[in-house]
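This report concerns only the one structure given below.
The values are calculated or read from the model by the stated rules, or taken from the named source; none is laboratory data. This structure is a prediction, so every number in the text was calculated from the model and none was measured. For neighbour counting, all protein chains shown are included, and Cβ atoms are generated from backbone atoms with ideal geometry for every residue, glycine included.
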Amino acid sequence: MKNRLRTLRAERNWSQADLAEKLEVSRQTVNAIETEKYDPSLHLAFKTSLLFSKLIEEIFEFSEGETPSS
Amino acid sequence: METTKHEKKMNLGFLAATVSFILFYFAARAALESQGLATSIRVAVALFPVPFYIWFMVAFVRNVRGLDELERKIQLEALALAFPLAMLLIFTLGLMELAVDLPKEDWSYRHIWAMMPVLYFGGIAFARKKYQ
């Protein structure tokens with residue numbers, strides 16, 4: 001699933017480790033989401049949207065017919 | 001994800017359970033391989049590592065529950081790979097036992113079970129690579 005996580009993180013000058021700490025996940029998880037190798041759970045997607053004060057669909061882009069990344 | 005005090009305690013518990021099981025397993029095996037123990041004692045010695053293994057299992061499940069969602073997915077994929085491979089190994093060994101005379105010293109279950117952690121760690125490495 002395409003997402004704007006890397007851009008949003010860069011805008012705030014956060015490292016992957018910083019974001020991982022704020023989301024209470026590992027840095028590997030942040031990296032896997034950014035590289036579109038892993039789709040986050042609904043819980044983590046909501047947490048991300050709250051952290052960036054954006055709607056989920058402003059961060060994650062779902063296109064019809066898309067298969068899960070993992 | 002910063003390691004909290006609780007997580008450190010959990011990791012230490014998991015390590016202690018793993019080390020205890022391995023130590024008591026090999027101690028029991030060494031005792032059983034030496035002669036001169038009465039049958040009742042031998043049975044007791046053979047069962048001695050079981051509570052330590054149960055401790056290990058509980059610690060393992062707790063450890064998995066403490067992981068983040070991607071790491072839990074990796075664990076699931078690793079087990080999904082390791083479990084059928086372990087079945088393949090055991091049923092093939094069972095059939096080979098019927099087919100030919102396998103030397104017990106090399107092919108007994110006490111040697112084969114040790115392959116299972118290898119399959120599990122192989123599964124972990126394989127699944128982890130997918131998300132890197």
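Is it the case, given these coordinates, that residue B:33 is buried (at least 17 other Cβ atoms within 10 Å of the Cβ) and among the acidic types (Asp, Glu)? No. Counting only residues that are modelled with pLDDT of 85 or more, among the hydroxyl-bearing types (Ser, Thr, Tyr) and within 26 Å of residue B:21 (Cα to Cα), how many does the stretch B:92-132 have? So the count comes out to 1.
Of all residues in the stretch B:75-89, which are over 13 Å from residue B:128 (Cβ atoms) and exposed (fewer than 15 other Cβ atoms within 10 Å of the Cβ)?
First, pick out the residues of the stretch B:75-89 that are over 13 Å from residue B:128 (Cβ atoms): B:79-80, B:82-89.
Those that are over 13 Å from residue B:128 (Cβ atoms) and exposed (fewer than 15 other Cβ atoms within 10 Å of the Cβ): B:80, B:83, B:84, B:87, B:88.
The number of residues in the stretch B:116-131 that are more than 10 Å from chain A (Cβ to nearest Cβ) and either basic (Lys, Arg) or in contact with a Gly (Cβ under 7 Å, 6 or more places away or on another chain) (or both) comes to 1. Of all residues assigned to the stretch B:50-72, at least one qualifies as being under 30 Å from residue A:31 (Cα atoms), more than 17 Å from the chain's Cα centre (by Cα) and loosely packed, with under 12 Cβ neighbours inside 10 Å. Go through the stretch B:69-123 and give me each residue that's free of Cβ contacts under 8 Å to residues at least 24 places away in the same chain and among the polar types (S, T, N, Q). Once the filter is applied, which keeps residues that are free of Cβ contacts under 8 Å to residues at least 24 places away in the same chain and among the polar types (S, T, N, Q), the stretch B:69-123 yields B:92, B:108. Restricting attention to the stretch B:35-57, does a residue exist that is modelled with pLDDT of 90 or more, under 28 Å from residue A:41 (Cβ atoms) and within 14 Å of chain A (Cβ to nearest Cβ)? No: zero hits.
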